[in-house]
1. Heavy-atom accessible area per residue, the stretch 105-233, 1.4 Å probe: how many Å²?
2. Simple spin-label model, 7 Å along Cα-to-Cβ: Asp268 to Glu292 in nm?
3. Which cross-chain or sequence-distant (5 or more) residues have an amide H under 5 Å from the amide H of Tyr258, H modelled 1.01 Å from N in plane?
4. By how many nm would the segment from Lys73 to Gln392 grow when fully extended, if each residue of separation counts as 0.36 nm and the alpha-carbon distance is taken off?
5. First measure r as the distance between the Cβ atoms of Gln380 and Asn320, then evaluate 1/(1 + (r/R0)^6) with R0 = 30 Å and state the FRET efficiency to the nearest 0.05.
6. Starting from the exponent 0.38 and prefactor 2.2 Å, build the expected Rg for the stretch 89-216 from its residue count and divide its actual Cα Rg by it.
7. Here are some pairs, Lys53/Lys171; Lys73/Lys171; Lys2/Lys254; which of them have Cα atoms lying more than 30 Å apart in this structure?
8. Keeping all protein chains in place and using 1.4 angstrom, which order do Met63, Met1, Met274 fall into by accessible surface area, from largest down?
Amino acid sequence: MKAGFVSLGCAKNLIDTEVMLGILKESGIELTHEPSDADILIVNTCAFIESAKEESITTVLNMAEYKKPENGKCRSLVITGCLGQRYGQELLDEMPEADAILGTGTFPRIMEAVRESLAGNRVVLVGEDTTIYDAKMPRILTTPSYTAYVKIAEGCNNACAFCAIPLIRGKYRSRKIEDITTEVKRLVKNGAKEIILIAQDTASYGRDVYGKPSLARLLRRLVKIGGLRLIRILYSYPTFFTDELIDTIANEPKIAKYVDLPMQHAHDGVLKKMHRADTRASMEALIKKLRERIPGITIRSTFIVGFPGETDSQYQTLRNFVEEQRFAKVGIFTYSEEEGTAAAKMGDKIPDDIKEERYHDLMSVQAKISEEINKSIEGQELAVLVEGRDEQQENIAYGRSYREAPDVDGQVYIEGDTDSRPGDIVKVRITQGFAYDVVGELIK
Ligand code: SF4
């Protein structure tokens, strides 16, 4: 029997997909990239915001087309992930195309859902999400072997007013340092050079199991692993970004001088309404400390415009903050109302045209800053992890330095590079900086 998979949403969801792929393979199911050739189709969904929910439903309906004999041979269509967790039975009732629903806490029971649905039983296996994978679980990487995500914790206790993730993924739960170390050792043995640590909030790692933020301790353990070239940390909540963590990043050459600190806003009144623990002053102090302690650090952040009640002057405060702090990379979202969140009950919604206006305004402010920062590194020499070659020009490859995370940041284009292969690490002198990407020449 063959199974096909579509994985939507974030890298945390992708790891659940990779574990489900491992379980299917171990159970004797063959994996296929061709949905028309699959007996079983699985869609690992995202339900973070409205647009993600719509994409998930559209994808399920597209896969359902392969249940028609003229298109394919699918006999079991399984919905997993955040949409399954959030809507369970209601989703199965509303989508006759689907044969089984799994939640984010029950993904290890994927074979049970497949067997039941092939036997003609439409099942819903959703419960409170208390699950987190471990190194013992089978996992098939879907990223190239030289780079791998490692989920160090699941769930979130921060309860930001706009966010549905705690409602879906449950309470924060860290994996143990030994378990993570075992997995990273295996990934490195299998060719991983870059390990990307992820969670809903990586800075809170260990607060539950070790009683205090322990990401620094974990990092000091992981850098000892031979063959590991780069550790990257994503999704860190500023409040729990300790001095110990800053020192560890500063002192350990294997740790990317790159931090991803979603801040969401900069006006104290809005931050308070968002139930964020930070203030403008505390975030400015953290950024100052990072830049003093780690020269050349790349800071990425994320902001929401159009949160309920956001006035023009509150938006202006955010705009000034972004202009002053000059982040290298910024993601901007328009506020999306999510049922069940505290913000959904708030009045004073901002009209869509105002949200769009603020979104485009802040994007243009940031594009100018990103370009200036990318131009300021012209002449610098960087180690670049090669990810591919330009299809048109044979002497151009591309990849990422410590300054670029996968999927969300730009690329480094490498001129004069005819030989390097994906996974190679080459030295590059930056010659041109643009708003999103940079260009450099290979140093032979
Ligand atoms: S930190 Fe806030 S935004 Fe991030 S997952 Fe937790 S509740 Fe959501």
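1. Working: 5030 Å² over 129 residues.
With all protein chains present, the stretch 105-233 gives 39 Å² per residue.
2. Simple spin-label model gives 2.1 nm for this pair.
3. Distant-sequence amide H within range of Tyr258: Thr298.
4. On the way: separation 319, 0.36 × 319 = 114.84 nm, distance 3.76 nm.
Using 0.36 nm per residue and subtracting the Cα-Cα distance, I get 111.1 nm.
5. Values: r = 29 Å, r/R0 = 0.97.
FRET efficiency, Gln380 to Asn320: 0.55.
6. Numbers: Rg = 17.0 Å, N = 128, 2.2 N^0.38 = 13.9 Å.
Rg over 2.2 N^0.38 Å, computed on Cα atoms: 1.22.
7. Numbers: Lys53/Lys171 22 Å; Lys73/Lys171 39 Å; Lys2/Lys254 40 Å.
From Lys53/Lys171; Lys73/Lys171; Lys2/Lys254, over 30 Å: Lys73/Lys171; Lys2/Lys254.
8. If we order Met63, Met1, Met274 from most to least accessible, we get Met1, Met63, Met274.
The values are calculated or read from the model by the stated rules, or taken from the named source; none is laboratory data. Since the model is a prediction, treat every value here as computed from it, not as a measurement. Neighbour counts are summed over all protein chains in view; Cβ atoms, including those assigned to glycine, are modelled from backbone coordinates with ideal geometry. Please note that ligands, DNA and RNA were not included when accessible areas were found on the heavy atoms of the full protein model with its side chains. Shrake-Rupley method; radii C 1.70, N 1.55, O 1.52, S 1.80 Å.
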